[in-house]
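The values are calculated or read from the model by the stated rules, or taken from the named source; none is laboratory data. Predicted, not measured: the structure shown is a model, and the values here were computed from it. Ideal geometry is used to build each Cβ from the backbone, glycine not excepted, and the neighbour counts take in all protein chains shown.
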Amino acid sequence: MNTLRDALPDDLQLRRSLGFKLEDAGLQLPRFVAFVEQHGSTHITTALALAWARQSPSVQPAEWARRLGYVRGFARHRKATDALTEITPLGLLPHRSTLARPYLYSDEEVEQLLAAALKLPTSWHWTPLRPWMFRCLFGLLATTGMRISEALNLQVADVDLDQALLTIHGAKLGRTRLVPLHASMAGVLADYLRRRRESFAQPISLYVFVSRTGNRLDQAHVHRTFYSLSRQISACAGRRPAMGRASTTCGIVSRSAC
C-alpha cells in the first residue's frame, strides 16, 4: 500500500486538475505528512490532525481551522485506499472569519490615491521607478477589476498595447482570458513600461511589476503600500476606507475607468 508521502502528490494533482490551485495546501500538507511520520504513524487520525493544526501557539485560530481543512481534504482522498484513515468532522476548531466591509472608491478618491502614489519616497533601497509602478498597478486594478494576484503575475509578453489588451493566464479554473484596457490606462501602462526598461541596465524578471532588484513584486509590499496611501487620502477626507479582500482588487473599486 502507498504511504502517505506517496499518496499526497496524487491527491494534489487530481484536485488541481479539477481547477483547485492549492498553493498553500501544497506547502502545508507535506509538513503534516512529516508530522505524522515523526509520531510513528502511517495513517491520518483526528488526534494527529488536531495536534498538527494547533502545534504553534503563535498561530491564530483562523489558521488552525485552515490547516485542519487542508488535512480533511487530503483525508477524503486517502480514505479510498486506506480504511484506517479518519476524516476530521466538520465543526472542529470552528472559526468565523471577520472580513472587512467592502468600500466603493469614488472616482475622486481613486485619483487621489494615484496622485499619492506618485509622491511615494524613493529611498536608497528603492529606485525612482517606484512611484510610477504603484501608480500604474493601482490604476490597473481600479480600471480592470483584475485580482491582485493576476496583476502581479502579469508578464511583459502578456501586454498588447497596440490592441489595448492584456492576456491573463491562470484565471479561475486555470483558464486564460483577455482584459481590455481603457485608452488612458493603456497610455499609463506604456509610460510605465518605458520607464521600467530605462531603469534596469541588466536583464530582469519577465513580470511587469518588479522590485528594486528586478524580481517579481512581492504581494505583501503591495498591501503595505496600499494601506499607507489609503490612510493618507482617507485622513484628508475624514474617512478610513477599508481594504478589500486580497484575492480581489486590493480594495480599489472605481465606478468608471481612469
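With respect to the numbered conditions (1) free of Cβ contacts under 8 Å to residues at least 12 places away in the same chain; (2) in contact with a helix residue (DSSP H, G or I) (Cβ under 7 Å, 6 or more places away or on another chain); (3) assigned to a helix (DSSP H, G or I), which one is the sole condition not fulfilled by Leu27?
Unmet condition: (2).
How many residues does the range 55-66 contain that are part of a helix (DSSP H, G or I) and touching an Asp or Glu at 6+ places or on another chain (Cβ under 9 Å)?
Taking the range 55-66 as the starting set, the residues that turn out to be part of a helix (DSSP H, G or I) are 61-66.
From what's left, touching an Asp or Glu at 6+ places or on another chain (Cβ under 9 Å): 66.
Number satisfying all stated conditions: 1.
For the range 185-203, which positions are out of contact with any helix residue (DSSP H, G or I) (no Cβ under 8 Å at 6 or more places or on another chain) and either surrounded by 13 or more Cβ atoms within 10 Å (Cβ to Cβ) or at pLDDT 90 or above (or both)? Please lay out each step first, then the result.
At the first step, the residues of the range 185-203 found to be out of contact with any helix residue (DSSP H, G or I) (no Cβ under 8 Å at 6 or more places or on another chain) are 186-187, 190, 194, 197-198, 200-203.
Within the range 185-203, Ala186, Gly187, Ala190, Arg194, Arg197, Glu198, Phe200 qualify.
Inside the range 1-51, can you point out the residues that are surrounded by fewer than 16 Cβ atoms within 10 Å (Cβ to Cβ) and of a type in the set (S, T, N, Q)?
Hits for the range 1-51 are Asn2, Thr3, Gln13, Ser17, Gln38, Ser41, Thr42.
For Thr46, only one of the following conditions fails: (1) modelled with pLDDT of 90 or more; (2) more than 14 Å from Ala75 (Cβ to Cβ); (3) hydroxyl-bearing (Ser, Thr, Tyr). What is its number?
With respect to (1) modelled with pLDDT of 90 or more; (2) more than 14 Å from Ala75 (Cβ to Cβ); (3) hydroxyl-bearing (Ser, Thr, Tyr), Thr46 is out only on (2).
Scan the range 158-197 for residues that are outside any loop (DSSP other than H, G, I, E, B) and farther than 27 Å from Leu120 by Cβ and jot them down.
Of the range 158-197, the ones outside any loop (DSSP other than H, G, I, E, B) are 158-160, 165-168, 172-174, 177-180, 183-197.
Across the range 158-197, the qualifying residues are Asp160, Leu165, Thr167, Lys172, Leu173, Gly174, Arg177, Leu178, Pro180.
Can you pull out the residues in the range 1-33 that are of a type in the set (A, V, I, L, M) and farther than 16 Å from Arg66 by Cβ? Steps first, answer last, please.
Within the range 1-33, the first condition is being of a type in the set (A, V, I, L, M), and the residues that meet it are 1, 4, 7-8, 12, 14, 18, 22, 25, 27, 29, 33.
Matches in the range 1-33: Met1, Leu4, Ala7, Leu8, Leu12, Leu14, Leu18, Val33.
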